[in-house]
1. Based on the mean of other Cβ atoms within 10 Å per residue, sort peptides 213-220, 5-12 so the most packed one is first.
2. How high is the relative contact order of region 239-351, in percent, with contacts defined as C-alpha pairs under 8 Å that are six or more residues apart?
3. Have a look at VAL45, LEU336, PHE64 and report the one farthest towards the positive end of the charge dipole of the chain, computed about the Cα centre with Cβ charges (Lys/Arg +1, Asp/Glu -1).
4. Rounded, prolate or oblate: which one fits region 276-343, using the alpha carbon gyration tensor with axes a ≥ b ≥ c (rounded when a/c is under 1.5, else prolate when a/b beats b/c, else oblate)?
5. Using +1 on the beta carbon of Lys and Arg, -1 on that of Asp and Glu, and nothing else charged, what's the dipole of region 116-186 about the Cα centre, debye to 20?
6. Please work out the Cα center distance from region 235-281 to region 163-209, rounded to the nearest Å.
7. What is the distance, in nm, between label points placed 7 Å from the Cα along the Cα-to-Cβ direction at ASP239 and at HIS147?
8. LYS15: which aspartates and glutamates have alpha carbons under 17 Å from its alpha carbon, excluding same-chain residues fewer than 8 sequence positions away?
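Readers should treat all values here as calculations from the given coordinates under stated rules, not as data from a laboratory. Because the structure is predicted, anything quoted here is derived from the model rather than measured. No Cβ is skipped: glycine too gets one built from the backbone with ideal geometry, and neighbour counts run over all protein chains shown.
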Amino acid sequence: MYLKFPVKYTKIIEKLLSQLGYKLSDSYTLASLVLELSEHYNSRVISPNIWTSSQRTAAYLVYFFPLNYLRITRAMLLAKQVGFWREPRHWIELGSGNGAAFLAFLDNISIDLTGADFIELSKEANLLMYEFLKQLNAFDLKKCTWHNQPLPLKVSQQSLFISSYAINELSQFPLWAGTCKDHFIIEPSLQETTRQLMNWRQKMLESHHYAWAPCTHQEYCPLIKHSKKDWCFDRFFIDPPEWFLEIEKFLPMKNTSLTYSYLALSKEPPLKKEKWGRIIGDTLKEKGKHRQAFCRSSEREFLSWLKKEGQPPQLPRGHLLYLNSVMKKGSELRHLPNDLETLDLDKPFSP
Ligand SMILES: C[S@@+](CC[C@H](N)C(=O)[O-])C[C@H]1O[C@@H](n2cnc3c(N)ncnc32)[C@H](O)[C@@H]1O
């Protein structure tokens, strides 16, 4: 499944770009701005406010916004499949930027929101987000509040803490978020950042939360338990707009597939998923066999196909898979049934 960036955003991006002094057709100029911002992010020296610079804002709007929107959409759909979005919530977002997470939510998830608080240090980013929401007329703006201070907010039984690509800019996980009922966090797929997220999961499981996605179990994360360097991430394919591809032509990085890490937690338990697990790796070709990482408990396991058994099935990373009785050899699950199929994203999970 290829995820598309909705066409409706192109007009808004064009309008905002023209206010910043750029045109969407200036692919070469925009690509050079993207490269500068990308190098800035890669340097890991986080500047407090990229949004005061018109160059960096333009780069964010044409590149990081569409990519983050798609990553968030994908994570939201995976969480939707296991029933995470189930009742009205009060949205509390940290580091909302120009609104990628909120917009992805409004486009893909149909539960009501009683209100939304956005904690975002940058006033410039808040104005941009306001502009997107106003242009789209997709949500009652009277229910939204923007805060420029990292203030402790009053949380309730309905509070959903959400953050996308922002926690890695903080010196530590926001502890107050732990009191919210639900958590939905998306972070870059980077070793240290994602391992922090996986450790946050463990901390939350020890304080009355349950993992909903990507984990199908409540045990210790096998990648934390059995490895000092591995991390859990998803990968998926995208179908970007033409103007994005034009900019990308001038960039060294190509984005046919995107990676990211995510975590959906709640104080309510999810449906039990006995015999279900998630594909957490690509197919690896090894001597005499193919292997693919699979997660269903605190054990580190791989689906494994011996060469003599023929070509392995194409099992997409991130999908759920039902496994009845299988033969286990060390960490490998062998002699798998021929008709092994993952659960497509458009099919809701039921035990
Ligand atoms: C990489 S951007 C991500 C924006 C948006 N969530 C997205 O996915 O596109 C990180 C955002 O976090 C904001 N931010 C950084 N530190 C923050 C803090 N301590 N409190 C609130 N916002 C913060 C930055 O201003 C920036 O807008």
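1. Values: 213-220: 20.8, 5-12: 14.6.
Those peptides, ordered most packed to least, come out 213-220, 5-12.
2. Numbers: 144 pairs, mean separation 24.3, N = 113.
Reported relative contact order: 22 percent.
3. The residue sitting most towards the positive pole is LEU336.
4. Numbers: a/c = 1.37, a/b = 1.25, b/c = 1.09.
In terms of gyration-tensor shape, rounded.
5. Values: 6 positive and 7 negative charges, 48 e Å.
Dipole magnitude for region 116-186 comes out near 240 debye.
6. With region 235-281 and region 163-209 each reduced to a Cα centre, they are spaced 18 Å.
7. 4.1 nm
8. ASP26, GLU124, GLU131
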